[in-house]
1. With Y214, Y202, Y146 as the choices, which residue is at pLDDT 90 or above and within 28 Å of V94 (Cβ to Cβ)?
2. So, in segment 185-209, how many residues would count as being farther than 17 Å from F9 by Cα and touching a helix residue (DSSP H, G or I) at 6+ places or on another chain (Cβ under 6 Å)?
3. So which pairs qualify, if the first residue must be in segment 120-133 and modelled with pLDDT under 75, the second must be β-branched (V, I, T), the Cβ gap must be under 8 Å, and the two must be at least 6 apart or on different chains?
4. Kindly indicate the residue of segment 164-199 that is in a helix (DSSP H, G or I) and more than 22 Å from D143 (Cβ to Cβ) and also modelled with the lowest pLDDT among those meeting that condition.
5. Which of (1) touching a strand residue (DSSP E or B) at 6+ places or on another chain (Cβ under 8 Å); (2) modelled with pLDDT of 85 or more; (3) surrounded by 15 or more Cβ atoms within 10 Å (Cβ to Cβ); (4) not acidic (D, E) does L73 not meet, given it meets every other one?
6. Condition (residue is surrounded by 18 or more Cβ atoms within 10 Å (Cβ to Cβ) and in contact (Cβ under 8 Å) with a residue 60 or more places away in the chain) applied to segment 139-150: is it met by at least one residue?
7. Is there any pair linking a residue in segment 35-57 that is in contact (Cβ under 8 Å) with a residue 24 or more places away in the chain to one that is part of a helix (DSSP H, G or I) and among the β-branched types (V, I, T), with Cβ under 9 Å and at least six apart or on different chains, and which?
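The values are calculated or read from the model by the stated rules, or taken from the named source; none is laboratory data. Everything numeric here is computed off the predicted structure, so don't read it as measured data. Methodologically, a virtual Cβ is constructed for each residue, glycine included, from the backbone with ideal geometry; neighbour enumeration extends over all protein chains shown.
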Amino acid sequence: MKLLCFFFFITSLYANKTYTTVCAVPVDAPAEVSDSIFARFISDFQNSPDALFDWALYGTGAQDDEEKNAFLLEYKETVYIPEDDYGQITVDVVIPGLMRIKDIVLIGTVVDEKKPIIYNPNLCVDSLAINNLPNWTRHFKIDVQYAGNLLERGFGNIYILPIDSVRSIFLMDINLKYGWFFKIFITMKVYKNSVEWRVNRYMNNLKKIAESLYAENQML
């Protein structure tokens, strides 16, 4: 799946019974700032995960346009188990007007990798692909190990890509294969209005905070 950089980019496809979304968000802030924002995300994820809903995951529960809410997520508890290096989220999934499926537990292992920052001034090339990323400086992966009857398989990656001394990119891919029951309700339209929209909101939350922090630092 190819990407065009320096422009907001989001696309989804369905293949091999799996929905995949790739989102690239340009950030008017250097990789050092973007990395500090993501370091905050990881710190909250590991130490006070419920705080994520105040900023990184803010507004991801439901859309303002109720007609697009094919299903709602009501987050109930988020915990991180450091000794086993996994996160656990408990949610209710609400299908408006039809049913509420309570206490779905998602358990995922996490990987956090860092490399030295190497700028990529020529990153805007049409050969860039999700499986061939040059010089990422941070990679965070969540691999869902258990999701009740919600997912049969799920994993996602987030990368920070340095461009130059004032620009960087947040890049995310998410891959979901739904369980047999939820396949009944999920179409590409439903997926775009639920998962793709939430990916978009989350990535833009990170972008806005990184750019605001960089702007504030420039004024000091």
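1. Details: Y214 fails: within 28 Å of V94 (Cβ to Cβ); Y146 fails: at pLDDT 90 or above.
On inspection, the qualifying residue turns out to be Y202.
2. 1
3. L123/I163; L123/I169; I130/V22
4. In the first step, residues of segment 164-199 are kept if they are in a helix (DSSP H, G or I); the result is 182-184, 188-199.
Among the residues that remain, those that are also more than 22 Å from D143 (Cβ to Cβ) are: 184, 188-190, 192-193, 197.
Working: I184: 82, M188: 93, K189: 90, V190: 87, K192: 90, N193: 85, W197: 89.
That would be I184.
5. Of (1) touching a strand residue (DSSP E or B) at 6+ places or on another chain (Cβ under 8 Å); (2) modelled with pLDDT of 85 or more; (3) surrounded by 15 or more Cβ atoms within 10 Å (Cβ to Cβ); (4) not acidic (D, E), only one is false for L73: (2).
6. So the first thing to find is which residues in segment 139-150 are surrounded by 18 or more Cβ atoms within 10 Å (Cβ to Cβ), and the list is 140, 142, 144, 147, 150.
Within this subset, residues satisfying the condition of being in contact (Cβ under 8 Å) with a residue 60 or more places away in the chain are 140.
For segment 139-150, residues surrounded by 18 or more Cβ atoms within 10 Å (Cβ to Cβ) and in contact (Cβ under 8 Å) with a residue 60 or more places away in the chain: present.
7. I37/I209; W55/I209; A56/I37; A56/I209
Quick grid of which residues meet (1) within 13 Å of the chain's Cα centre (by Cα); (2) among the hydrophobic types (A, V, I, L, M, F, W, C); (3) crowded, with 18+ Cβ neighbours inside 10 Å:
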site: W180; (1), (2), (3): no, yes, no
site: F185; (1), (2), (3): no, yes, no
site: E196; (1), (2), (3): yes, no, yes
site: V199; (1), (2), (3): yes, yes, yes
site: K207; (1), (2), (3): yes, no, yes
site: A210; (1), (2), (3): no, yes, yes
site: L213; (1), (2), (3): no, yes, no
site: Q218; (1), (2), (3): no, no, no
